[in-house]
Amino acid sequence: MGSVGAGDNGSAGSVRITNRTVESEVNDDGFDDDPTGYQQLSEIPRKSNRRFYLFACAVLASLNTVLLGYDIGVMSGAIIFIQEDLKITEVQTEVLVGCLSVVSLFGSLVGGRTSDIIGRKWTMASGAMVFQVGVAVMTFADSFQVLMIGRLLTGVGIGIGGVIISVYIAEISPSISRGSLTSFPEIFVNIGILLGYVSNYAFSGLSVHINWRVMLGIGILPSALIGFSLFVIPESPRWLVMQNRVDEARLGAF
């Protein structure tokens with residue numbers, strides 16, 4: 001009898017082990033009766049939506065580099081009509097075109113420190129607003145001096161916004177997609193240059209007094225989209241942590 005009991009106990013133990021194995025396989029497939037398994041499945045659409053939202057945030061933030069690309073592209077054609085309309089000299093033309101890179105350098109120095117004070121998102125917004133003012137001044141300029149003021153403002157705006165874009169995208173992105181998303185600014189620079197060339201071609205048929213103003217004025221559109229994006233994109237979680245706003249950082253983290 002003792003041997004039979006031992007055999008029964010052994011059989012029961014093997015059955016229990018087999019049941020556990022089957023249960024673990026079912027659990028691995030995600031179709032067990034445990035509600036947490038269904039909760040994991042329900043998170044799949046949520047994760048997909050968050051990936052799309054992250055992609056949208058990276059695209060909207062990269063619009064700042066469209067401003068730089070557009071300005072580079074559009075000035076290559078607009079400067080011909082500016083020379084003819086405002087009767088500026090060759091030296092003035094060189095100064096007008098070349099000063100953007102120098103002024104953007106000073107804007108980038110300001111932007112880095114500003115982003116630590118007011119946040120990444122609002123630093124990009126500040127750069128877009130300065131750029132808009134500069135474009136408006138250039139569009140209605142009637143002399144070289146006024147045109148230079150607008151050009152200096154646009155350079156500062158591009159520098160402020162441009163320096164923080166890659167930092168912002170890197171700080172909101174998970175490590176698995178950080179490399180690809182931080183390449184967006186470079187891509188959007190080239191898109192901006194292409195749009196500048198398209199603008200040159202599209203408006204070159206207008207009168208000399210109007211066409212270059214329209215070419216430059218169109219540059220306000222990307223900066224207006226940046227203003228709209230402020231209602232969509234989150235603040236950088238890293239900056240929130242630096243401000244001891246940890247709970248907000250957790251909510252905005254991807």
Extension gain (nm, one decimal) between D247 and V232, 0.36 nm per residue minus Cα-Cα: 3.5 nm
Stretch gain in nm, segment K87-E186, where the contour uses 0.36 nm per residue and the Cα spacing is subtracted: 32.1 nm
Residue among G192, V156, F203 farthest towards the positive dipole end of the range 114-248, charges placed on Cβ: F203
Relative contact order (percent, whole number), the range 84-190, Cα cutoff 8 Å, 6+ residue spacing: 32
By average C-beta atoms within 10 angstrom, highest first, the peptides 55-64, 220-229, 139-148: 55-64, 220-229, 139-148
For the range 61-252: relative contact order, % (alpha-carbon pairs under 8 angstrom, 6 or more apart): 38
Separation between Cα centres of the range 194-237 and the range 127-171, rounded to whole Å: 12
Fraction in percent of alpha-carbon pairs per bin - 5 Å, the range 61-252: 1, 9, 16, 20, 19, 13, 9, 6, 4, 2, 1, 0
Charge dipole magnitude, Cβ of K and R +1, D and E -1 - the range 61-252, Cα centre, debye nearest 20: 420
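Here, each number is a calculation from the coordinates, and none is a lab measurement. In this text the structure is predicted, and so the values were computed from the model without any measurement. Don't worry about glycine lacking a Cβ; one is built from the backbone with ideal geometry, like all the others, and counts go over all protein chains shown.
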